[in-house]
Structure formats: structure tokens, C-alpha cells
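Heads up: the structure comes next, in C-alpha cells.
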Amino acid sequence: EAGVVQSPRYKIIEKKQPVAFWCNPISGHNTLYWYLQNLGQGPELLIRYENEEAVDDSQLPKDRFSAERLKGVDSTLKIQPAELGDSAVYLCASSSWTSGDNEQFFGPGTRLTVL
Amino acid sequence: AQSVAQPEDQVNVAEGNPLTVKCTYSVSGNPYLFWYVQYPNRGLQFLLKYITGDNLVKGSYGFEAEFNKSQTSFHLKKPSALVSDSALYFCAVRDDAGGTSYGKLTFGQGTILTVHP
């Protein structure tokens, strides 16, 4: 079974430029999460989807961040415009309620560097 | 609000010796606790979880964790450390109190484990 796929793995951009990250969850997983991980810290949830609905986006900075999961499968996280402080690793995770305990499986992450 | 604390930024241990990585938590309801490991440039890998049942939970790669409700702790342990265990370890607690944050994982700051040959 394929794991959570993220692309790109690395991205370097200049400040004020837009950037997008893509995530393909494990097949059949209805819940998808985007996390932000700053260097030396634990991941922090940005947004959670149940199928195509964003059920928790309370920690997503909506002035510059947006996300979508149009068909309830793949998801895209966008930053426009990027700021220096956005340099971090962006992790995608997925889970399935059918497993009974909602264990989250993480992708390898996208490391963003804003210059 | 739930929270997790990992009081040690780094843990150093010699290969073959037992290791412990500490974690304490705070939740309003039942604690659902997890340990994840992260190797350089990799995503988080699940090690083990406590949902209910026995206080000693066994997981991947020979790791285990002991749930202690009175001390609100969930320390990660391994009887004999390997050099390949060197990595960043995260403890996490899941929000099961309901509402929009249901299922949300709150992570600790992480502990760097270094196992010396």
C-alpha cells in the first residue's frame, strides 16, 4: 500500500512569490491534515478535512494561506504571498475512521525555503 | 486545552543500554497518546499508541511506552538501544473532547535521541 505522497519535496522561492504544495493521501482515507513544522519543533495543525469539507481551519492564516480538497482525495495548500517566516516543513497526513482509532499517517513533507 | 511536554531536548545513551524518553500530558477527557519518530528529511513514523487497556504498550522496533494516569505521563522506553534508534521523537495527544478540533493531534516539542556506539 502506498503511503501519503507529497510534492515537491523541496521548494525555494523568493519572498512575495506564491507557492503550492500537493498531497495525495492513502487510498480510502477520508480525513486529511496539513501540519506546519518549524525547525526543532513539533508539527502544528493548519487545517483538517473530512472528505472535501474543511472542518477545522482555525489555525490557518487565512490572509495568505488557502487550501482545497475539491474531490475529497488530493489536496493543495497554497501560500500567496510567501514571507520569510513561512520557511518550514509542511506535512500532510491522512487517516481513516474505519480503523477505529484514527491513527494518522504522515507524508515526507515539503521543505519550503523563502529567501 | 490539551498539551504535551517533553522535558528533555536531548537524550544520550550508549548502545545496548536501556533508554527512556519522557512525556507528560494534559487533557480534559480520556487521554489518547501516541509516539512518533522522525528521521532526517523524513516524515513522522508511527511507533505506538495508548487508547485504552494495559498501561504498558508495545510498538514498533522494540519500543514500548508506559501509561501512568496518576502522573499523567507516557514515557517511551526500550530495553536495549541501537545506534539506528538515533532520531527525533515526538509524543502527541489526541483531542477526543468533540467539536471542530476532534481528532486533532497536539505534539510535544520533540526529543533528540542519540545512541552512541
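The values are calculated or read from the model by the stated rules, or taken from the named source; none is laboratory data. Small disclaimer: the values here were computed from a predicted structure and weren't measured. Cβ coordinates were reconstructed from backbone atoms using ideal geometry, including for glycine residues, and neighbour counts include every protein chain displayed. Only protein heavy atoms, including side chains, enter the accessible area calculation; ligands, DNA and RNA are left aside. Shrake-Rupley method; radii C 1.70, N 1.55, O 1.52, S 1.80 Å.
Has region B:42-55 got at least one residue that is surrounded by 13 or more Cβ atoms within 10 Å (Cβ to Cβ), modelled with pLDDT of 90 or more, farther than 11 Å from residue B:92 by Cβ and β-branched (Val, Ile, Thr)?
no
Look at region B:4-41 and say how many of its residues are open to solvent by less than 70 Å² (accessible area, probe 1.4 Å) and in contact with a helix residue (DSSP H, G or I) (Cβ under 9 Å, 6 or more places away or on another chain).
Looking only at region B:4-41, we keep the residues that are open to solvent by less than 70 Å² (accessible area, probe 1.4 Å), and these are B:4-6, B:8, B:11, B:13-14, B:16, B:19-21, B:23-27, B:29, B:31-39.
Remaining after also requiring in contact with a helix residue (DSSP H, G or I) (Cβ under 9 Å, 6 or more places away or on another chain): B:13, B:19, B:37.
Within region B:4-41, residues that are open to solvent by less than 70 Å² (accessible area, probe 1.4 Å) and in contact with a helix residue (DSSP H, G or I) (Cβ under 9 Å, 6 or more places away or on another chain) number 3.
Would you please name the residue that is nearest to residue A:40 (Cα to Cα), looking only at residues in region B:1-53 that are under 12 Å from the mean Cα position of the chain (by Cα) and aromatic (Phe, Trp, Tyr)?
Selected residue: B:36.
Could you tell me whether any residue of region B:57-70 is at the interface with chain A (Cβ under 8 Å from one of its Cβ atoms), open to solvent by less than 50 Å² (accessible area, probe 1.4 Å) and of a type in the set (Phe, Trp, Tyr)?
Our first condition is that a residue be at the interface with chain A (Cβ under 8 Å from one of its Cβ atoms); within region B:57-70, this holds for none.
The answer is no, given that none of the residues of region B:57-70 is at the interface with chain A (Cβ under 8 Å from one of its Cβ atoms), open to solvent by less than 50 Å² (accessible area, probe 1.4 Å) and of a type in the set (Phe, Trp, Tyr).
Considering only strands (runs of 3 or more DSSP E) fully contained in region B:27-117, which possess at least 2 residues that are touching a residue at least 24 places away in the same chain (Cβ under 8 Å)? If you could, list the steps in order and put the result at the bottom.
Values: elements: B:32-38, B:44-50, B:56-58, B:64-68, B:73-78, B:87-94, B:105-107, B:111-116.
In region B:27-117, B:32-38, B:44-50, B:64-68, B:73-78, B:87-94, B:105-107, B:111-116 are the strands (runs of 3 or more DSSP E) which contain 2 or more residues that are touching a residue at least 24 places away in the same chain (Cβ under 8 Å).
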